[in-house]
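**Q** A single structure is presented below for examination.
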Amino acid sequence: MEPTLTFFSGFGVNDLWFLGEAALRTMWISVLSISLGTVIGVLFGWLLYEGKLTAALTVAPVLDVFRSVPLIIQLVLFYNFAPIVGLNLDAFASGVVILTIYTAALVANVARGGIEAVDTSMRRAARSLGMTYWQDLRHVVLPIGGRAVFPAWVGVALGVMKDSALVSVLGYVELLKASQILITRTQEPFLILSVAGAFYFALSYPISRYAASLEKRWAQ
């Protein structure tokens with residue numbers, strides 16, 4: 001009697017390891033994009049605050065485009081348009097570029113709000129003590145404004161981490177893409193999505209708890 005061919009197999013240890021590797025890829029692309037996007041977003045936020053009318057006519061409309069257009073459309077358009085202008089980027093690099101710009105667009109308003117949260121009288125007092133403009137930004141605006149908008153920044157970071165799942169449309173095997181591959185093979189969507197959700201929770205929960213502990217420490 002000939003052996004029966006099976007096209008589907010159950011969820012095993014190797015599949016769990018596959019999801020774990022995909023979770024690391026999700027963490028890597030998220031950390032890189034959030035870090036770069038935060039730095040660029042703070043710069044844009046400063047331009048929006050100091051530039052006033054000029055920034056409102058130049059920087060603000062560009063940031064509004066990246067905030068308004070769905071992220072999945074940005075990813076697909078950039079990935080397909082980049083080779084036309086000579087940028088041969090793989091799925092990971094394309095995802096990092098778009099997620100970085102998307103993060104920067106979100107962080108820009110957060111950063112501007114942080115600067116505006118610092119009372120003008122405090123900044124004038126700092127300047128009267130002999131601080132330069134840049135010393136005022138570093139020693140007064142950054143500590144006070146940063147604490148004021150820190151919860152908002154954490155929300156942006158967690159949101160971008162979850163939005164990184166959209167990079168799967170480019171073929172990058174992160175957590176969601178790995179889940180889809182395993183669901184197709186094992187036909188066990190509930191189990192696999194539950195495990196993937198647990199991985200997302202494991203990535204996000206420490207960040208939220210650490211952020212909460214920092215806020216309590218600052219409040220003392």
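**Q** Thr132 - would you say it is surrounded by fewer than 20 Cβ atoms within 10 Å (Cβ to Cβ), among the β-branched types (Val, Ile, Thr) and under 26 Å from Trp17 (Cα atoms)?
**A** When the stated conditions are applied, Thr132 does not pass them.
**Q** Follow-up question, since we're still on this one. Are there any pairs, at least 6 apart or on different chains, whose C-beta atoms fall under 7 Å, with the first in the stretch 183-196 and over 18 Å from Ala23 (Cα atoms) and the second buried (at least 17 other Cβ atoms within 10 Å of the Cβ) and β-branched (Val, Ile, Thr), and if so, which?
**A** Thr186/Ile192
**Q** For Tyr205, only one of the following conditions fails: (1) surrounded by 12 or more Cβ atoms within 10 Å (Cβ to Cβ); (2) modelled with pLDDT of 85 or more. What is its number?
**A** Condition (1) is where Tyr205 drops out.
**Q** Another question about this same structure. So is Ser194 under 25 Å from Val31 (Cα atoms) and more than 22 Å from the chain's Cα centre (by Cα) or not?
**A** Against the criterion (under 25 Å from Val31 (Cα atoms) and more than 22 Å from the chain's Cα centre (by Cα)), Ser194 qualifies.
**Q** For residues that are modelled with pLDDT of 90 or more and of a type in the set (Asp, Glu), tally how many sit in the stretch 110-141.
**A** Qualifying residue count for the region: 0.
**Q** Still on this structure, please answer the following. Please state which one of Val42, Val76 is touching a residue at least 40 places away in the same chain (Cβ under 8 Å), more than 17 Å from Glu174 (Cβ to Cβ), surrounded by 14 or more Cβ atoms within 10 Å (Cβ to Cβ) and of a type in the set (A, V, I, L, M).
**A** None of the other options fit; the residue is Val42.
**Q** Moving to a separate point now. For Gly86, only one of the following conditions fails: (1) at positive phi; (2) in contact with a helix residue (DSSP H, G or I) (Cβ under 9 Å, 6 or more places away or on another chain). What is its number?
**A** Single failed check for Gly86: (2).
**Q** Please count how many residues of the stretch 158-175 are buried (at least 22 other Cβ atoms within 10 Å of the Cβ) and not in a helix (DSSP H, G or I).
**A** 2
**Q** Could you identify the single residue in Ala148, Ala178 that is modelled with pLDDT under 90, more than 16 Å from the chain's Cα centre (by Cα) and buried (at least 18 other Cβ atoms within 10 Å of the Cβ)?
**A** Answer to the selection: Ala178.
**Q** Restricting to the stretch 109-129, what's the tally of residues that are under 24 Å from Tyr210 (Cβ atoms) and surrounded by 15 or more Cβ atoms within 10 Å (Cβ to Cβ)?
**A** Number satisfying all stated conditions: 5.
The values are calculated or read from the model by the stated rules, or taken from the named source; none is laboratory data. This one's a predicted model, so the numbers in the text were calculated from it and none came from an experiment. Every residue, glycine as well, gets a Cβ built from its backbone with ideal geometry; the counts of neighbours run over all protein chains shown.
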